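K.L.:
This is the structure I have questions about; it appears just below.
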Amino acid sequence: MSTKSRSEGAPAEGPEPLRRSREAVKAASLAAAYELLTEVGLSGVSFDEVSRRSGVAKTTIYRYWPTRSALLFDAVMQFAPRLKTPATGSFRGDLTALALGLAQRLQTGRWSSAMPSIVDAAERDEEVAELQSRTHAGMLSGFGAIAARAQARGELGPDFDVSDLTAAIAGPLFYRRWFSRQELDDAFVRGVVERALGWSK
């Protein structure tokens, strides 16, 4: 059989599959990459494994994503859980709701189990470091959004720097999730928020 007769999503070996659209091929590749990442960590994600799991030819995957980091970034952006930005009407309320949501994601989301392998690899790989930085910024973007709303309401001054407050809240949650492995219960999370608000004044 001529290679030209294969569909765009044909695997490298095996019988000819049903023709799939470009969108379906990309979706299958991204889903396979994300599943591998959350199941076995970064080391388990390769073009060969994504091809085997998705049924998409490796050459086709390369056509859309020339590097593993590019593939992983798109997969994470599509499938990683997004925190909803709360709208309680106050900065304290929004901050507390966001922190509680983050704590829940860290304890129940498959994505959080993959993060240690990404952080570790980022120490030695610039592309992975960029992936880690961009996905981390996306995960914590809600803090900036609620701070901007609070500034518009006059609760915060125009020069308020949300980065320190974000670190003061996310840091203890990350520590408990990945280092001490203690429970992220509501009382602890609410206490973290109150202490962070006190330090930011």
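K.L.:
In region 1-56, which residue that is at positive phi and modelled with pLDDT of 70 or more is farthest from the chain's Cα centre (by Cα)?
P.N.:
Within region 1-56, the match that is farthest from the chain's Cα centre (by Cα) is 55.
K.L.:
So, residue 172, is that one farther than 24 Å from residue 34 by Cα and surrounded by fewer than 14 Cβ atoms within 10 Å (Cβ to Cβ) or not?
P.N.:
Taking the combined requirement at face value, the residue does not satisfy it.
K.L.:
Quick check: is even one residue across region 84-96 closer than 19 Å to residue 176 by Cβ and at pLDDT 90 or above?
P.N.:
Yes; the residues of region 84-96 include at least one that is closer than 19 Å to residue 176 by Cβ and at pLDDT 90 or above.
K.L.:
Among the helices (runs of 4 or more DSSP H) confined wholly to region 109-201, which include 1 or more residues that are more than 19 Å from residue 94 (Cα to Cα)?
P.N.:
Hits in region 109-201: 110-122, 126-139, 162-175.
K.L.:
Are any residues in region 73-129 more than 30 Å from residue 160 (Cα to Cα) and of a type in the set (Phe, Trp, Tyr), and if so, which ones?
P.N.:
If the condition is that a residue be more than 30 Å from residue 160 (Cα to Cα) and of a type in the set (Phe, Trp, Tyr), then 73, 79, 111 are the ones that fit.
K.L.:
How many residues, within region 40-65, are in contact (Cβ under 8 Å) with a residue 12 or more places away in the chain and either within 22 Å of residue 113 (Cα to Cα) or part of a helix (DSSP H, G or I) (or both)?
P.N.:
Going through region 40-65 one residue at a time, the tally reaches 18.
K.L.:
Looking only at region 58-87, filter to residues that are over 14 Å from the mean Cα position of the chain (by Cα) and among the aliphatic types (A, V, I, L, M); which one of those is least open to solvent (accessible area, probe 1.4 Å)?
P.N.:
61
K.L.:
Applying the selection to region 106-123, what residues are surrounded by fewer than 16 Cβ atoms within 10 Å (Cβ to Cβ) and at pLDDT 85 or above?
P.N.:
Passing the criteria: 107, 116, 120, 123.
K.L.:
I would also like to ask the following. Which residue, of 167, 152, 187, is under 21 Å from the mean Cα position of the chain (by Cα), over 21 Å from residue 42 (Cα atoms) and either open to solvent by 40 Å² or more (accessible area, probe 1.4 Å) or modelled with pLDDT under 90 (or both)?
P.N.:
167
The values are calculated or read from the model by the stated rules, or taken from the named source; none is laboratory data. These figures come from a predicted structure and were not determined experimentally. All Cβ positions, glycine included, derive from the backbone under ideal geometry; neighbour counts span all protein chains shown. What goes into the accessible areas is simple: the full protein's heavy atoms, side chains included, and nothing from ligands, DNA or RNA. Shrake-Rupley method; radii C 1.70, N 1.55, O 1.52, S 1.80 Å.
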